[in-house]
Amino acid sequence: MRALDLQVFHAINGWPEWLSPIMVFLSEATKQTPVRLLLVALVIFLLARKNTRAMGFAAILAFPMANEICDVLKAVFQMARPSVEVTDAIIRTAKLTSFGTASAHSANMAAVAFVFTVYAPRWGAIWIVLAFLTGLSRIYVGVHYPSQVLFGWAVGIFSGFLVVKTFEAYARIRRKATDEPSANPAEQE
């Protein structure tokens, strides 16, 4: 497994340099103020519309959940990044020396992609592509192995699934509470 991980890492990390501006952007976009402002505007837009509100809330809960799960996994299962242990890795961004067990960038995007796919499949397809490209970009820039990106995607899907199922359970409970007549006879008069 380790040999395959290294082989795939070298293949993607060695892609042509002309891809660098695109891949570095995809890898680091959420750290840039204009992108953050755009994401805040998207969240406000989603929350302002009644028919997209649940999707917006689910996405803003799944994103940090995925990120935190990755941080816990990095602390518990300390796996080095290729930028630390692969001497011939091409590092195209700041050299990260923290543990890279599960790619949080990949997890965050996969969590949002899962939520959008459940609530709005056409938009979900766009987020799936973004999650996929974000994962590839993390390998390309030299900060994650393919297995760490796959682990990140799995964490993101799990986080999105957990949030969506929680929202669905809450909606069922609310519907049931409003559909059932009160057990208190005084309230039925």
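For the peptides 150-156, 168-174, the ranking by packing is 150-156, 168-174, with the highest mean count of neighbouring Cβ atoms within 10 Å listed first. Projected label points at Gln78 and Leu42, each 7 Å from Cα along the beta carbon direction, are separated by 3.5 nanometres.
Each Cα pair under 8 Å and six or more residues apart adds its separation to the average, and for the chain the resulting relative contact order is 27 percent. Taking packing as the residue-averaged number of other Cβ atoms within 10 angstrom, the listed peptides 42-49, 16-23 run from highest to lowest as 42-49, 16-23.
For the chain, the normalised intensity computed at q = 0.10, 0.12, 0.13, 0.16 Å⁻¹ comes to -0.47, -0.62, -0.70, -0.97 (log10 of I(q)/I(0), Debye sum over alpha carbons, equal scatterers, no solvent). Rounded to the nearest 0.05, the FRET efficiency derived from the C-beta distance between Phe25 and Arg175 at R0 = 41 Å is 0.40. Close Lys pairs in the chain (alpha-carbon distance under 26 Å; sequence gap of 8 or more, or different chains): 7. What the range 46-134 shows is 51 Å² of accessible area per residue, with the surface traced by a 1.4 Å probe over protein heavy atoms. Charges were assigned to the Cβ only: +1 to each Lys and Arg, -1 to each Asp and Glu. The resulting dipole of the range 45-126 about its Cα centre is roughly 440 debye.
Quick one: order His144, His105 from most to least accessible surface, probe 1.4 Å.
On the way: His144 0, His105 40 Å².
Final ranking, largest accessible area leading: His105, His144.
In a reduced charge model with +1 at each Lys and Arg Cβ and -1 at each Asp and Glu Cβ, the chain shows a dipole moment near 300 debye about its Cα centre. For the chain, the carbon plus sulfur part of the accessible surface works out to 69%, probe radius 1.4 Å.
Just to be sure I understand the rule: take each whole DSSP H helix in the chain, project its Cα atoms onto its long axis, keep it if the span is 30 Å or more and its mean Kyte-Doolittle hydropathy is at least 0.0. Which ones pass?
53-76, 146-179
Volume per residue for the range 82-186 equals 117 cubic angstrom (convex hull of Cα atoms).
The values are calculated or read from the model by the stated rules, or taken from the named source; none is laboratory data. Nothing here was measured: the structure is a model prediction, and the numbers come from that model. Don't worry about glycine lacking a Cβ; one is built from the backbone with ideal geometry, like all the others, and counts go over all protein chains shown. Only protein heavy atoms, including side chains, enter the accessible area calculation; ligands, DNA and RNA are left aside. Shrake-Rupley method; radii C 1.70, N 1.55, O 1.52, S 1.80 Å.
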